[in-house]
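Have a look at the structure below, then the notes.
The values are calculated or read from the model by the stated rules, or taken from the named source; none is laboratory data. Note that the structure is predicted; figures quoted are calculated from it, not measured. Glycine also receives a Cβ, built like all others from the backbone with ideal geometry; neighbour counts cover every protein chain displayed.
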Amino acid sequence: MKHKLRMGMVGGGQGAFIGAVHRMAAALDGEIELVCGAFSSSPEKSKASGAELGLAPDRCYGTFKEMIQREKRLRPDRRMQFVSIVTPNHVHFAPAKMALENGFHVICDKPVAFSLKEAIALEKIVAKSELVFALTHNYTGYPMVKQARQMVRHGAFGQIRKVVVEYPQGWLSTHVEASGNKQASWRTDPSKSGIAGAMGDIGTHAENLAEYITGLKISELCADISTFVPGRLLDDDGNVLLRFEGGAKGILHASQISAGEENNLNIRVYGEKGGLEWRQMEPNSLVVRWLDKPVEIYRAGTPHLYPEALAAGRIPGGHPEGYLEAFANIYKNFAYCVRAHAEGRKPDPIHADFPTIQDGVRGMRFIEKVIASGKSKAKWVKLG
């Protein structure tokens with residue numbers, strides 16, 4: 001009988017937002033169970049968090065180092081098989097490095113690390129370990145994002161010419177970090193978030209989505225970066241001109257001071273023959289516009305979609321699936337690949353479709369170059 005993959009978690013304890021999202025996503029398809037964790041930098045809070053989640057006391061650890069060391073000593077049929085890292089950015093690298101070097105697969109929240117230097121070092125560690133590493137750029141998990149990607153890959157629109165991707169939010173329109181808001185506090189703190197605020201938090205989602213759907217890599221960029229809220233230490237708004245390999249041009253806009261906006265991630269891609277539009281707040285629809293025929297609307301869960309899009313759905317068309325299900329698709333595909341690794345076989349390519357350490361390195365390089373361009377008078381910088 002097939003057993004569930006055993007997951008250990010770093011971060012995501014009491015009061016955390018993203019940890020609960022990861023746990024729900026991991027559990028959705030019945031492939032994974034949480035067996036242990038180091039849920040907080042406070043050992044007491046970590047153990048209390050584990051108790052609330054119903055874990056055995058001896059599997060609730062005070063630190064991630066303790067968790068990895070003690071789990072490694074357990075019998076193979078009992079120890080965790082992979083680590084989920086859901087901490088602020090500055091606590092991604094150390095647990096990922098230690099987990100990989102001790103034989104555990106890793107799934108990590110984005111951005112992959114605190115700095116580009118850490119990301120490049122982690123890429124080498126992943127390669128040496130030959131283990132599975134996934135990055136939760138969860139928006140790539142939506143069925144209609146996968147449909148968009150396949151339409152571009154199969155040449156439906158001809159050569160891609162223009163990409164417009166936007167991620168406006170409004171939750172940081174005021175100085176909420178001064179009020180004790182935990183999410184705002186660490187995301188606007190350079191010692192925890194890194195060199196970027198909005199561009200690191202949501203700008204990387206926009207960058208990753210643009211490259212994922214088009215299959216094109218950003219080659220150069222020109223950024224205008226702003227911090228509108230007085231007293232804030234990192235950027236809260238940014239506008240970036242993009243040049244892609246192959247000649248396509250683009251615009252990327254990410255903002256956390258767009259008052260009244262929720263999570264309005266959206267993308268438009270235009271080629272020689274037509275274009276597409278997808279919006280995260282209406283995720284089950286993909287609008288396709290043609291040069292010489294009427295507009296078409298593709299819907300999740302309906303026939304005639306590409307296999308990659310159908311594989312990312314769970315229920316018939318007309319029954320909405322959203323953020324958690326898209327997140328769960330990353331975990332589901334990751335789980336299939338971990339099983340394939342254990343069995344010494346190559347996974348089905350459909351299941352190997354999730355963001356990797358290479359996407360993480362590109363995201364960190366994007367952050368570094370955006371901030372460099374924003375501070376430079378020369379403006380255009382090569383992404384590399």
Quickly run through segment 60-113 and pick out the residues that are charged (D, E, K, R), buried (at least 22 other Cβ atoms within 10 Å of the Cβ) and more than 23 Å from Glu368 (Cα to Cα).
Glu71
Just to be sure, is Ala113 under 16 Å from the mean Cα position of the chain (by Cα), hydrophobic (A, V, I, L, M, F, W, C), modelled with pLDDT of 95 or more and in the same structural domain as Met24 (by TED's automatic domain parsing)?
yes
Considering each of Gly8, Gly50, Gly12 in turn, give the residue that is touching a residue at least 60 places away in the same chain (Cβ under 8 Å), farther than 25 Å from Ser191 by Cα, surrounded by 14 or more Cβ atoms within 10 Å (Cβ to Cβ) and touching a Gly at 6+ places or on another chain (Cβ under 7 Å).
Gly8
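Residue-wise test of (1) within 15 Å of the chain's Cα centre (by Cα); (2) surrounded by fewer than 24 Cβ atoms within 10 Å (Cβ to Cβ).
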residue: Glu207; (1), (2): yes, no
residue: Ile213; (1), (2): yes, no
residue: Ala223; (1), (2): no, no
residue: Ser226; (1), (2): no, yes
residue: Arg232; (1), (2): no, yes
residue: Gly238; (1), (2): no, no
residue: Phe244; (1), (2): no, yes
residue: Ala248; (1), (2): no, yes
residue: Ile251; (1), (2): no, yes
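Just to be sure, is Lys45 in a helix (DSSP H, G or I) and within 15 Å of Leu100 (Cα to Cα)?
Details: in a helix (DSSP H, G or I): yes; within 15 Å of Leu100 (Cα to Cα): no.
In short, no.
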Using the structure shown, decide if Gln183 is under 30 Å from Gly301 (Cα atoms) and assigned by TED's automatic domain parsing to the domain that holds Leu276.
no
Met7 is checked against (1) assigned to a strand (DSSP E or B); (2) over 17 Å from Lys332 (Cβ atoms) and fails just one. What number does that condition carry?
(2)
When segment 363-384 is checked residue by residue, the ones that are buried (at least 20 other Cβ atoms within 10 Å of the Cβ) and out of contact with any Asp or Glu (no Cβ under 7 Å at 6 or more places or on another chain) are Met364, Ile367, Glu368, Lys369, Val370, Ile371, Ser373
Val35 - would you say it is under 24 Å from the mean Cα position of the chain (by Cα), crowded, with 24+ Cβ neighbours inside 10 Å, β-branched (Val, Ile, Thr) and outside any loop (DSSP other than H, G, I, E, B)?
no
Tell me, which residue of segment 124-146 that is under 19 Å from Gly363 (Cα atoms) and over 17 Å from the mean Cα position of the chain (by Cα) is surrounded by the fewest Cβ atoms within 10 Å (Cβ to Cβ)?
Lys124
So, first residue of a type in the set (A, V, I, L, M) in segment 100-114, second residue modelled with pLDDT of 95 or more and assigned to a loop (DSSP other than H, G, I, E, B), Cβ within less than 7 Å, six or more apart or across chains; the pairs are Leu100/Leu131; Ile107/Thr136; Val112/His92; Ala113/His92
Check whether at least one residue in segment 184-195 is closer than 30 Å to Gly158 by Cα, touching a helix residue (DSSP H, G or I) at 6+ places or on another chain (Cβ under 8 Å) and not charged (D, E, K, R), and report yes or no.
no
Give the residues of segment 48-66 that are touching a Ser or Thr at 6+ places or on another chain (Cβ under 9 Å), of a type outside the set (Phe, Trp, Tyr) and assigned to a helix (DSSP H, G or I), sorted by residue number.
Ala48, Ser49
If I filter segment 194-207 for residues that are touching a strand residue (DSSP E or B) at 6+ places or on another chain (Cβ under 8 Å), under 22 Å from Leu286 (Cα atoms) and not in a helix (DSSP H, G or I), do I get at least one hit?
no
Would you say Ala326 is modelled with pLDDT of 95 or more, under 14 Å from the mean Cα position of the chain (by Cα), in a helix (DSSP H, G or I) and not β-branched (Val, Ile, Thr)?
yes
Mind listing whichever residues of segment 359-382 are in contact (Cβ under 8 Å) with a residue 40 or more places away in the chain, assigned to a loop (DSSP other than H, G, I, E, B) and within 18 Å of Asp235 (Cβ to Cβ)?
Lys379
Mind checking which strands (runs of 3 or more DSSP E) fall wholly inside segment 252-321 and carry at least 1 residues that are out of contact with any Ser or Thr (no Cβ under 8 Å at 6 or more places or on another chain) and in contact (Cβ under 8 Å) with a residue 40 or more places away in the chain?
266-271, 274-279, 282-290
Looking only at residues that are aliphatic (A, V, I, L, M) and in contact (Cβ under 8 Å) with a residue 24 or more places away in the chain in segment 54-89, which one is nearest to Asp189 (Cα to Cα)?
Val86
